[in-house]
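Each remark here refers to the structure printed beneath this line.
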Amino acid sequence: MKSSPTPPPRKYRQTGRADAAEETARQILDAFSDCMRRQWFDEVTLEEVAERAGVHVRTVIRRFGGKEGLLEAFVEDFIPSVAIDRATPLGDVAAAIDRLIDLYEAWGDSVIRNLAQEPRYPALKRLLDLGRERHRTITAATYAPWLDRLAQPDWVTTLDALVAVTDVYTWKLMRRDMQRSRSEVARALRTLVEAVLAHASSLASGGNTSS
């Protein structure tokens, strides 16, 4: 009795190709991310990204279309991860600041470089605008136990203060310009944040709002 021919595993081959393409895209994005962490945007080349990813330049171009396409994909991949990296128990000031400093230690210098290049490269503006928006949103969520007790004008002013004292420029001032250690920066940021929160508590309990 003749056995029926085995149908080709077409679906599995297609799935395998899709997985391989996704892995290649991930390698390229990781290579671009590594370049962005260490270099100015205008110094990053497709050739270097391709070499780090172990692919041909034409593969990078076919998948992302060039540096601006890579940047767009990087934004889509990187920004959502920030919220995960900064997630801490609600109202835990020390943990929130430690997570924030972890992020700045990894990406702070790159962010400062990108801010310096923002007027020259509109493609960077979306990344930086999303970063600003996400920083404000996460800060509001982190310190909600204090903020949510405030009337709207005081809520806005207090959030503005918290965003400012935890901004990357504040980290850069202390960590790079003043050359303070990571632990010293953490202590200083806690001092600043706790001062803002103490003032917020005073406002919430009917303290003087003119100070």
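Readers should treat all values here as calculations from the given coordinates under stated rules, not as data from a laboratory. All of these numbers come straight from a predicted model, not from anything done at the bench. A quick note on method: Cβ atoms are made from the backbone with ideal geometry, for glycine too, and the neighbour counts reach across all protein chains shown.
Is it the case that the range 170-184 has a residue that's closer than 24 Å to residue 105 by Cβ, within 15 Å of the chain's Cα centre (by Cα) and of a type in the set (A, V, I, L, M)? Checking the range 170-184: not a single residue is closer than 24 Å to residue 105 by Cβ, within 15 Å of the chain's Cα centre (by Cα) and of a type in the set (A, V, I, L, M). Of all residues being assigned to a helix (DSSP H, G or I) and without any contact (Cβ under 8 Å) to a residue 40 or more places away in the chain in the range 68-99, which is farthest from residue 167 (Cα to Cα)? Just the residue, please. Applying the filter and picking the extreme gives 69. Is at least one residue of the range 114-129 under 27 Å from residue 183 (Cβ atoms) and of a type in the set (A, V, I, L, M)? Checked against the condition, which is being under 27 Å from residue 183 (Cβ atoms) and of a type in the set (A, V, I, L, M), the range 114-129 yields at least one hit.
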